[in-house]
Amino acid sequence: QVQLVESGGGLVQPGGSLRLSCAASGRTFSSYAMGWFRQAPGKEREFVADINYSGRSTYYADSVKGRFTISRDNAKNTVYLQMNSLKPEDTAVYYCKEVASNHRPVNVLASWGQGTQVTVSS
């Protein structure tokens with residue numbers, strides 16, 4: 001059973017930066033497009049960004065475009081989310097998941113992980 005383990009979250013001031021990591025254990029994920037999603041308190045989980053299997057193609061939600069960068073290292077079975085110019089509205093639990101071509105999560109590689117909490121506050 002593949003597990004997705006997110007890490008790198010924390011408390012940061014507005015305008016600050018964080019780098020999230022998502023490590024897949026148990027099996028290579030190099031064949032899968034991977035995405036980041038987030039869920040704020042009282043809100044539904046929403047798409048943030050995704051990256052194709054090779055890392056050559058990326059796609060972002062309008063709310064994070066120009067501030068966040070998704071990348072991957074297939075040799076390390078890890079996908080990253082570099083978050084810059086963070087805003088209070090970025091506060092949420094962040095998750096990674098394999099995605100389909102329509103940028104929606106699919107249940108092929110693994111179940112949802114525990115996520116990592118990102119809090120943007122002064």
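Every number in this text was worked out from the coordinates using simple rules, so none of it is lab data. What you are looking at is a predicted structure, and each value in this text was computed from that prediction instead of being measured. We place every Cβ from the backbone using ideal geometry, glycine too, and count neighbours over all the protein chains shown.
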Checklist outcome for this item: Pseudo-spin-label distance V2 to S57, built 7 Å along Cα→Cβ, given in nm, is 1.8
Next on the checklist: Run the reach check for K65 against lysines, Cα to Cα strictly under 23 Å, same-chain hits fewer than 8 apart removed. What comes back?
Outcome noted: K43, K87, K97
Checklist outcome for this item: Under the Karplus relation with 6.51, -1.76 and 1.60 and θ = phi - 60°, whole-Hz ³J(HN,Hα) for the stretch 33-38, x at Gly and Pro, equal 6, 10, x, 10, 10, 9
Checklist entry - So, with +1 on the Cβ of K and R and -1 on the Cβ of D and E, and no other charges, what is the size of the charge dipole of the chain about its Cα centre, to the nearest 20 debye? => result 160
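Please compute the alpha carbon radius of gyration of the stretch 53-93, then divide it by the globular-protein estimate 2.2 N^0.38 Å. Two decimals is fine.
So the stretch 53-93 has a normalised radius of gyration of 1.29.
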Item to check | Paramagnetic label zone (point 7 Å from Cα along Cα-to-C-beta, S122; backbone N under 19 Å) in the stretch 10-48 | outcome: 11-18
Item to check | Cα-based Rg of the stretch 1-61 normalised by 2.2 N^0.38 Å, two decimals | outcome: 1.28
Checklist entry - What percent do you get for the relative contact order of the chain when only Cα pairs under 8 Å and 6+ apart count? => result 36
Next on the checklist: What does the extension gain come out to for T69 and A100, with contour length at 0.36 nm per residue minus their alpha carbon separation?
Outcome noted: 9.3 nm
Item to check | Rel. contact order, % - alpha carbon contacts under 8 angstrom, at least six apart, the stretch 1-60 | outcome: 24
Checklist outcome for this item: With R₀ set to 30 angstrom, the calculated FRET efficiency between the beta-carbons of Q39 and K76, to the nearest 0.05, is 0.70
